[in-house]
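To keep things clear, I will list the structure first and then write my remarks on it.
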Amino acid sequence: MERSRGREKIQWAASHMPLLGELRREFAVEQPFRGRRIAMSIHLEAKTACLAILLRDGGGRVAVTGSNPLSTQDDVALALAEEDGISVHARRGVSREEYTDHLRQTLAVRPDLVLDDGGDLVEVLHEDGARGIHGGCEETTTGVARLRRRASRGELAFPMFAVNDARMKCLFDNRHGTGQSVWDAILRSTNLLIAGKNVVVAGYGWCGRGIALRARGLGGRVTVTEVDPVKALEAAMDGFSVAPMRQAIGEADFVITATGCVDVVSAADLAVAKDGMLLSNAGHFNVEINLDDLRRLTRASRRVRDGIDEHTLHDGRRLYVLGEGRLVNLVLGDGHPVEIMDISFALQALTLRHIASSPALPPGVYAVPDEVDRDVARRRLAAVETSIDEWTEAQRAYMSGA
């Protein structure tokens, strides 16, 4: 029954992913990954199953694990494990030790290509002695930051492409995908009204922009907190209030963190938080809300609804944490909309094809080639039956300075 439900989810996603469908037909003929072993660490749900099947159909031997202990959908994992040429090592709700063991089981395929989400797979590869890796790609802000830190120390052992930084990723996945999926999860799990409520969004990167935009669309009164003066000014000019967290949290009904940094909400902030405030995180790791600080302020806690924990503080105030402070859109939802991930995973697949077909590069963090970015954009425009202008020869010559 569970496998059957997983297959239905995969089929539903595939029917709304025209770019992956087109690439699946192309790759089945082209076989760009013939003889390649591909290790994937990614939030394991229906849309990512479609990506794994595409890479398999392109000739690859694929091993998949989850990139977060609470984001794997077990029915999808079971259904995907039935596919020939794909091994699955993931289960929802695993311990940190089991999670790391699943990463190592995935790497037992001895990959030459890797696809990472958040950077844990690459970290374990380096801990165990990274060998034989031709290259890979990383699709998150957090993961790219980890790669760049490792590269700056001269410790990155192979080339990695920063898919997160491509325009077809950050402009759509980070902004529109996160913006919708975060609120989908919050609305589904709380069943509360947003209109008229005070919403604090921590961080005004592409993810924070999307969350703030959707909150305003739902009728929320939005305040942005930032440490970057340029982003803070941008938020102000976009029409949002801007304030320090300690000031904003006192009136907040909802706080959503999206910074990729630690201790965005800590003891001093929680000390002045409004009674009944809901805390959730849209960053990759559960470090943005300092849960240890919250526990020290708590005299009693209980689960009041699936995925929602109530913390009664010593002074009687009640604060609520969604999804244990982990990625709320995947822990309490289905992640980004299908069409958004069709774009992002087409970008991933074409970047992997570029890596597989290119000579070995020196270790480092590389940008996705512009032609790959543009290829995905053209495919998406065609899928939604939208045409655009093209330069005339005179315009092309003028712009090139000829």
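Couple of notes before you dig in:
- Segment 176-331 - Debye-derived log10 I(q)/I(0), Cα point model, q = 0.09, 0.15 Å⁻¹: -0.24, -0.69
- Peptides 314-320, 132-138 ranked from most to least packed by the mean count of surrounding Cβ atoms within 10 Å: 132-138, 314-320.
- Relative to the compact-globule estimate of 2.2 N^0.38 Å, the Cα radius of gyration of segment 151-238 comes out at 1.32.
- At R0 = 30 Å, FRET efficiency that the Cβ-Cβ distance of GLU234 and GLU371 yields, to 0.05: 0.55
- Rounded to 10°, Cα long-axis angle of helix 206-217 versus longest principal axis of the chain: 60 degrees
- Taken over segment 104-157, the ratio of Cα radius of gyration to 2.2 N^0.38 Å equals 1.04.
- Per-residue packing, averaged as other Cβ atoms within 10 Å, sorts the ranges 343-351, 28-36 into the order 343-351, 28-36, beginning with the highest.
- A straight line joining the Cα centroids of segment 1-26 and segment 252-318 runs 37 Å.
- Contact order normalised by residue count of the chain, Cα under 8 Å, 6+ apart, percent: 16 percent
- Here volume of the Cα convex hull per residue in Å³ was calculated from the structure, and among [x] 150; [y] 168; [z] 125 it sits at label [y].
- Scoring 207-214, 56-63, 100-107 by mean Cβ neighbours within 10 Å over their residues and listing the highest first yields 207-214, 56-63, 100-107.
- Amide proton proximity set for ARG92, modelled H, under 5 Å, gap of 5+: ASP74
A short reminder: the numbers here are calculations on the coordinates, not readings from a lab. Note that the structure is predicted; figures quoted are calculated from it, not measured. Cβ sites come from the backbone with ideal geometry, for glycine too, and all protein chains shown count toward neighbours.
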